[in-house]
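What follows is a short report on a single structure.
Laboratory data are not the source of any read-out in this text; all were calculated from the coordinates shown. All values reported here derive from a predicted model rather than from experimental measurement. Glycine gets a Cβ as well: all are built from the backbone with ideal geometry, and neighbour counts include every protein chain shown.
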Amino acid sequence: MTGATDDVGGVSRTIVEMLRSQGHPVRAFVRRDDDRAHALRQAGAHVFVGDLLDVAAAVTGCRRVYFSISLSSYYTDAVSLMAAAARDHSDLEVFVSISDYERSYMTFERMTAPAEERRAWLGGLVSDWSPQQRAHWIAEQVLSWSDLPVVNVRATIFAENPILTGLALRPLSSGELRLPFGSQRLAPIAGRDVAELCASILVDPAPHLGASYELTGPDLKDMHGFAEDFGAVLGREVTYIAEERGGLERDLRRRGPVRAAPCGRTPEDPDQAGRRRAVRRGHQPAGDPARPRTHARAVGPADQSAPPGAHGCSDRLSCSSAARCRAAERAWA
C-alpha cells in the first residue's frame, strides 16, 4: 500500500483503515517515519519506511498491491519501478493503480487521429496537457505491457482537493468564489468513495482483473452551482468570479502551498468545514441507503473509448483540466 500518508483525499490511509477493520494484514509503504506513520501502526498496519529504490523489499511477501503517489515529476519512474518489482512475484493476485479520469479520453486512436479531430477531443497539443495527465497515460501503458493483473481506477478530481477547498478561503470570506474554471463543469468525488471501491477490489480481486473503472461524483455542475452550495452551507450569498490562471499562480506563489483537510479530519476553521460540506453536498455516511451513488463505469481491456457525457461529465477535460492542473503543479513544485 503506497501513498498511505498522503493528504489530499486520504484514499490510501482510508483503505488501510477499511482493510484492517476487516482483519486483513496490510503493509504501508511510506517515505517518512513521522506521526502519520505512527497512526498507521496504531491502526494495525505494518509500516515499511523507504524510497523508490526499496520497492523490491517493500512488495516481498505481498500478494496484492495498491499503488498511488501524489503529483510528482518522477511519477512514471515510480510506476515502472513498482511494476518491475511486482513482476518478480509470480503469486501476485492484483495490482490496483490510481489513475486519472481524463485517461478515459486519451485513447491511442484519438491521440493518432487527424490533427483537427485530435485537438477537438484532447483539448489541444500534447504540450497543452497537464504533465500529470501525460504521466498517467504513460503509466497505464507501462502497466499494460507488464502483463501484471492490473486494475486501473480512474478517479476525477477529489472533493478534498486544495483547489476546491483551501484556495477558496480568502475569497469566500468576502462572498466570492474565485477559481480558474471558466464555464467548465465538475463532478468531484469524495476520497472515501474511491477508497471503498479500491478496498473491495483488494479484498476480492478476481472479478475486476483487467478492468478500468472511471469514477465521478453524483452531481455535475459549473462553478455557479458550487457557489450556490457554498452559500447555502455558509448562510450567505456567494458569487462565482472566474479567475485568470496567471493571477491564481501568482497568488499561490505568494501565499505558498495550500493544504486541504483530508477526508475524515475536522478542519479547524468553520468556513473550511463549510466549504467541504458544500463540495460534498448530498453525501451521507457510508452505508446510508439515502446516499447518492458514485458514478462508475467499468471499461474492459478492449473498450477504451468513451464519448463526453457517458460518465456524468459532459465537457472534455472538465474534471481536471490541463490548465488548472498545471497551475497546481507549478505552485507545488
Taking 11-17, 211-217 and ranking on average Cβ neighbours within 10 Å, highest first, one gets 11-17, 211-217
Most packed first (mean Cβ within 10 Å per residue), the peptides 135-142, 49-56, 74-81 order as 135-142, 74-81, 49-56
If you take the Cα atoms of segment 17-118, find Rg, then find the Kirkwood Rh from the mean of 1/r over all pairs, what is Rg/Rh? 1.08
With a cut-off of 20 Å, note down the residues of segment 45-75 whose backbone N falls inside the zone around a label point 7 Å from the Cα of Asp147 toward its beta carbon. 63-65
Hydrodynamic calc, segment 138-238: Kirkwood Rh from Cα pairs, then Stokes-Einstein at 4 °C with viscosity 1.567 mPa s, so D in µm² s⁻¹ is 82 µm²/s
Prolate/oblate/rounded call for segment 50-170, Cα gyration tensor, a/c under 1.5 rounded: oblate
Modelled label-to-label distance, Glu244 and Leu53, 7 Å Cα→beta-carbon offset: nm? 4.6 nm
Give the peptides 218-227, 158-167 in descending order of average Cβ contacts within 10 Å, highest first. 158-167, 218-227
Net charge over other residues, Cβ less than 12 angstrom from the Cβ of His136 (K, R count +1; D, E count -1): 0
